[in-house]
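Single-structure report; data block below.
The values are calculated or read from the model by the stated rules, or taken from the named source; none is laboratory data. Quick caveat: nothing in here was measured; it's all calculated off a predicted structure. Cβ atoms come from the backbone with ideal geometry, glycine included; neighbour counts cover every protein chain shown.
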Amino acid sequence: MNQSFFNFPSLKKRKENLSSLAYNTLGGLFWSFSGSSSQIILQMIVLMVLARILTPEDFGVVNAATVVIGISAIFAQLGIGPAIVQHPNLNIDHIKTGFTFSLIFGICLSGLIFAFAPLISSFFRMAGLRPIIQVLSLGFLFQGASIIAKSLLQKELRFRLLVIIEFISYLTGYGVIGIILAFLHYGAWALVMAQLAHAFIFSLLLIVFQPHAKMLRINRSALKELIGFGSGMTISSIFNYFARSGDYMVVGRFLGAESLGLYGRAFKLMTLPATVFGNVADRVLFPTLSKLQNDKDRLATTYRRSIAFIALLSLPTSIAMIVLGPEIIRVLLGPKWTGAIVPFRILAVGALFRTSYKISETVARAKGAVYSIAWIQGIYALLVITGAWVGMHRGISGVAIGIVAALCIVFILLSRLALHLTSISWKKFVGAHLSAVGLSALIGAELWPITLIMRNVALPPLAILIISIVVVLITMLILFLIKGKLFFGEDGVWVLQAVLKFLQKEK
């Protein structure tokens, strides 16, 4: 593959063990985690600004539009991107064919969404939704042109470059254009133009810094191979998207734009840690596990360590979000968003389920079990829509309860599939979570009374958040130094030590 000038020295090291798959994986995890953490901080800052300028209705209308755009985005690539990453014998015909197919299909899909925008907007019964959908449909043109470049970066484990591109595009799109337009009173259109600018800059940078053959040509044999894997991925992705957006559809259709705005922000905040922990792990582990798909022992070990480490990250975070829900909402969104507090705390209960099931799904994808994933995602979609439908009679808090129940069930189903593919027992799977459960229980027992005391003395929400975070971090550090294997488990300690060794090598 062609290399860009973004070849950093640290990734060129070829000392003993540093050219290994383990080194590249740790490097990918480190840079993806660092970049995503930086982007999450940036997103929080941007959200704090936009939430104080725009209204819940503005966010609700754009959320409704992104539901449509999101499901359409799945069809824009038909699984071509993941197929490029997973294919064990990729050649130039696959790249040319994938690029041509994705580009043409992106153009066609953009035209279809633009034409059917009036019909789509009538479903949500929201004023001003039609032109927003039409403008956002232009994003498929950018996505179709850059899918192959993004997939090649992932396949080559060049995550540092991908992180930089994501950060720059988000900063420019939302941090600059979105905030400026919001201050100029463009309302929901500030979010629309920010999203479109983000998509354009992201695609442009991918194309520039990951060159590849762009000749328009389709090889039937190559297309058949890509679609063979990609079609299963597409079916799974369609079900998964309905699972992730079915609640938005129900809330937007029956409870209105304001309720969707409140619920959408609560869900977005809950998924921020999951984005850092789950999506980063998925992005890095998928190409890594694809290389290990025929090495069952290493695959099983990697999976076990991954779920143990994810539990250590997500469970304490979930406890903190439940306890500090009021402060998180008031600090990040402002006083007019207090209606999001209760659903946010409820959704936080399912943070582990949402984060961990992504790891199990990644293992199954790496093994090529895309159709098994698809039927599980179909059940998930049905559970989400049913849970949201039943729960909406108690408002957005009832919807949140239905979503947590759906997350729990899909977590169990995907874990069962991954355990079967890796030959890991349920006993070992549960054991991988025990240390995280114990650690989280201690943190919750400590954090709850401290938070109540600070509220009783009327400390500002920001002060409560800062003090609580410091207390939790100090507690975790002390526990790690005193009884590391007890509270972090052997797998958790192994991962932390491996990361420390990686960082020492990077110096």
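Could you tell me which of the residues L414, L347, L332 is within 20 Å of M270 (Cβ to Cβ) and at pLDDT below 90?
None of the other options fit; the residue is L332.
Can you report the number of residues in the range 478-495 which are surrounded by 15 or more Cβ atoms within 10 Å (Cβ to Cβ), without any contact (Cβ under 8 Å) to a residue 24 or more places away in the chain and hydrophobic (A, V, I, L, M, F, W, C)?
The qualifying residues number 2.
Which residues, counting only those in the range 377-401, are β-branched (V, I, T) and either closer than 18 Å to L269 by Cα or out of contact with any Lys or Arg (no Cβ under 9 Å at 6 or more places or on another chain) (or both)?
Selection gives I379, I385, T386, V390, I396, V399, I401.
Return yes when E156 is within 21 Å of Q86 (Cβ to Cβ) and of a type in the set (D, E) and no when it is not.
Answer is yes for this residue.
Among the residues of the range 228-278, which ones are in a helix (DSSP H, G or I), over 17 Å from the mean Cα position of the chain (by Cα), aliphatic (A, V, I, L, M) and at pLDDT 80 or above?
Of everything in the range 228-278, those that are in a helix (DSSP H, G or I), over 17 Å from the mean Cα position of the chain (by Cα), aliphatic (A, V, I, L, M) and at pLDDT 80 or above turn out to be M249, V250, V251, A257, L260, L262.
Among the residues that make up the range 123-133, is at least one of them assigned to a helix (DSSP H, G or I) and modelled with pLDDT under 85?
yes
Output the number of residues of the range 371-390 satisfying the condition of being in contact with a Gly (Cβ under 7 Å, 6 or more places away or on another chain) and surrounded by 24 or more Cβ atoms within 10 Å (Cβ to Cβ).
Result for the range 371-390: 3.
Assuming I424 fulfils every condition listed in (1) aliphatic (A, V, I, L, M); (2) out of contact with any Phe, Trp or Tyr (no Cβ under 9 Å at 6 or more places or on another chain); (3) crowded, with 17+ Cβ neighbours inside 10 Å apart from one, which condition is it?
Among (1) aliphatic (A, V, I, L, M); (2) out of contact with any Phe, Trp or Tyr (no Cβ under 9 Å at 6 or more places or on another chain); (3) crowded, with 17+ Cβ neighbours inside 10 Å, the lone unmet condition for I424 is (2).
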